[in-house]
Amino acid sequence: MTHVLETDRLGKRFAGVPALSGVDFRLGAGEIHALVGHNGAGKSTLVKILTGVHAAGSYEGSFRIGGATATFSSPAAARAEGVAYVPQEIQVVEQLSVAENVYVGQTGLDTAPLVSFRELRRRAGELLDRLEIPIDPRSPVAALSATQRQLVMIARALATEPHVLILDEPTASLAGTETERLFAVLDRLRDAGTTMVFITHRIPEVMRMCDRATVLRDGRKVAEIEREQFSERAIVAAMVGREVDHLYPTRSGAHGEQEVLRLEHVSVPHPTRPRDVLRDVSFSARRGEIIGIAGVVGAGRTELLSALYGSLPHGGTISVEGRALKLRNPAAARRAGIAMLTEDRKGTGLLFNFALRENITAGNLSGLSRGGWVDRRGEQRAAAGFMQSLRIKAPSPGADVAHLSGGNQQKILLARVLMNAPRIMLLDEPTKGVDVETRQEIYRLILDLADRGVTLLVVSSEIAELVGLCDRCLVLADGAIVDEFRRGEGSEARVIEATTTATGAAA
Ligand SMILES: Nc1ncnc2c1ncn2[C@@H]1O[C@H](COP(=O)(O)OP(=O)(O)O)[C@@H](O)[C@H]1O
Ligand SMILES: [Mg+2]
């Protein structure tokens, strides 16, 4: 195979700390090459070198493109050599149109004395058509969804007609159906001969899309796996550095018999339309039971958790330990022993620029106060205790949470919730955006909590996770429960069938 891009012992340090060491990365012509590794493995650092974000002179080793040594001083220099980059964070200018966003900062257009908007729109329209991306170049970017913005960024990268397209975790913030739409575009690009580097930590995406995979761990290349050798086990083993016997830990004991939670005919009205977003949902959960809630985005999963947490008005009856409750607000839910871990860590969860210990004890200070003063030592002790029991990787309880990995941030939120010793825990996408190793730890924690008698409701878009982890799964479609099965009885296929047939019937 001819290599369009080859690195020779590439390395990079930040303030003396190695982020990348001695990496030989080879990119074959025309392939979609997966770059995998858990958070902090060095994936972004590697591609930032290849795309001129980390300029020549700031790293060790070298790389060649089409056989010639490349020394990029900027992303523009890399683009000029046919290497385009779609960064991890969505970077669009909300106020501008799609067309302007596609061509933002592109030499030739912005240096021209007068940019013809009509010409801009025409070119953008042509490009979007060619990619079969159904977005109007005139629409304002502010009106677009996350996938559409992602597609605008890809169109921007492709506007320079690159040979190599590097995508850094393009699916991280997308839901299943949106990911499929993105993949359709990538499939067409592959057919047109574009070589791609695809960064993800979702292994099913590697299996579905990629021709080869390079695995990084702690800044080093630990494996290069051919498509014929692809398996979830092989990739996970390379990522975590040891054989994993079980992707999902097995439960040692069984859950209790005592009924803790009961829902009867619970419904949630749609905020504007006459239709309910949750319809006539009834089920009960026992002490220490792990209940999975499956379904596509929009099926009512988050609404179900929100009703239980008192943050959405609902009809029907919710009882905890035999008592019907009026859950008018989250405070009422918390008093009833219900805790919630939200999906949106950045939006509603973490206090950035605050120390880890303050993030853990936020909202829980009543137990740590004496005579109106916060017991800082007690706070420190509580935080240190959780850091140890949840294996939170941070320099100290005083560390700023903004600099921690997604998995560690998730554990901090979990610690905050656990400080209230809840009886019922609602987890919305607890493993979204966390690496394989932390994922395993979160699974263990869920089992651990269940074994200690906490009843858990887990919403996840990863069906395999729910099937592997939960004692019982409820499948929601279009606001109603359409299927239910116990541990060992379900499968991904069963859930997909239940959701797709139900959605078809409702449409
Ligand atoms: N600009 C930076 N300054 C300091 N450290 C950094 C910077 N960028 C990355 N790092 C560190 O380098 C390591 C690799 O990070 P990164 O390449 O972003 O990993 P990945 O993309 O695989 O999650 C991490 O330990 C990270 O904290
Ligand atoms: Mg990264």
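The values are calculated or read from the model by the stated rules, or taken from the named source; none is laboratory data. Just so we're clear, the structure is a prediction, and the values are computed from it rather than from any experiment. Using ideal geometry, Cβ is built from the backbone for each residue, glycine included, and neighbour counts are taken over all protein chains shown. Side chains are part of the model used for accessible areas, which takes the heavy atoms of the whole protein and leaves out ligands, DNA and RNA. Shrake-Rupley method; radii C 1.70, N 1.55, O 1.52, S 1.80 Å.
Observations on the model:
- The set of residues in the range 450-460 that are open to solvent by 10 Å² or more (accessible area, probe 1.4 Å) and assigned to a helix (DSSP H, G or I) contains only 451.
- The residue of the range 24-52 that is nearest to residue 195 (Cα to Cα), among those that are in contact with a helix residue (DSSP H, G or I) (Cβ under 6 Å, 6 or more places away or on another chain) and at pLDDT 95 or above, is 32.
- All of (1) assigned to a loop (DSSP other than H, G, I, E, B); (2) open to solvent by less than 50 Å² (accessible area, probe 1.4 Å) hold for residue 185 with one exception: (1).
- Screening the range 479-495 for residues that are buried (at least 17 other Cβ atoms within 10 Å of the Cβ) and among the charged types (D, E, K, R) and picking the one that is modelled with the highest pLDDT gives 483.
- Residues considered: 17, 86. Of these, the only one that is within 14 Å of ligand 1 (Cβ to nearest atom), buried (at least 20 other Cβ atoms within 10 Å of the Cβ) and of a type in the set (A, V, I, L, M) is 86.
- The range 188-202, subset open to solvent by 10 Å² or more (accessible area, probe 1.4 Å) and within 15 Å of ligand 1 (Cβ to nearest atom), residue modelled with the lowest pLDDT: 201
- Close pairs (7 angstrom Cβ cut-off, 6 or more residues apart or separate chains): within 15 Å of ligand 2 (Cβ to nearest atom) in the range 399-422, in a helix (DSSP H, G or I) anywhere: 407/438; 409/345; 409/401
- As a summary of the residue check, residue 30 satisfies the conditions (1) within 16 Å of ligand 1 (Cβ to nearest atom); (2) under 21 Å from residue 200 (Cβ atoms); (3) open to solvent by less than 40 Å² (accessible area, probe 1.4 Å) except for the one numbered (1).
Every residue, every condition in (1) of a type in the set (Gly, Ala, Ser); (2) touching a residue at least 40 places away in the same chain (Cβ under 8 Å); (3) more than 25 Å from residue 335 (Cβ to Cβ), yes or no:
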| position | (1), (2), (3) |
| --- | --- |
| 426 | no, yes, no |
| 461 | yes, yes, yes |
| 473 | no, yes, yes |
| 485 | no, no, yes |
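- Filtered residue count, the range 157-182, keeping only those that are more than 16 Å from ligand 1 (Cβ to nearest atom) and either in contact (Cβ under 8 Å) with a residue 60 or more places away in the chain or part of a strand (DSSP E or B) (or both): 11
- Annotation note: of 418, 404, 413, the sole residue that is open to solvent by less than 40 Å² (accessible area, probe 1.4 Å) and within 12 Å of ligand 1 (Cβ to nearest atom) is 404.
- Per-region count, the range 372-385, residues part of a helix (DSSP H, G or I) and either surrounded by fewer than 16 Cβ atoms within 10 Å (Cβ to Cβ) or modelled with pLDDT under 85 (or both): 9
- Candidates 168, 129, filtered to the one that is touching a Pro at 6+ places or on another chain (Cβ under 6 Å) and either of a type in the set (Asp, Glu) or surrounded by fewer than 19 Cβ atoms within 10 Å (Cβ to Cβ) (or both): 168
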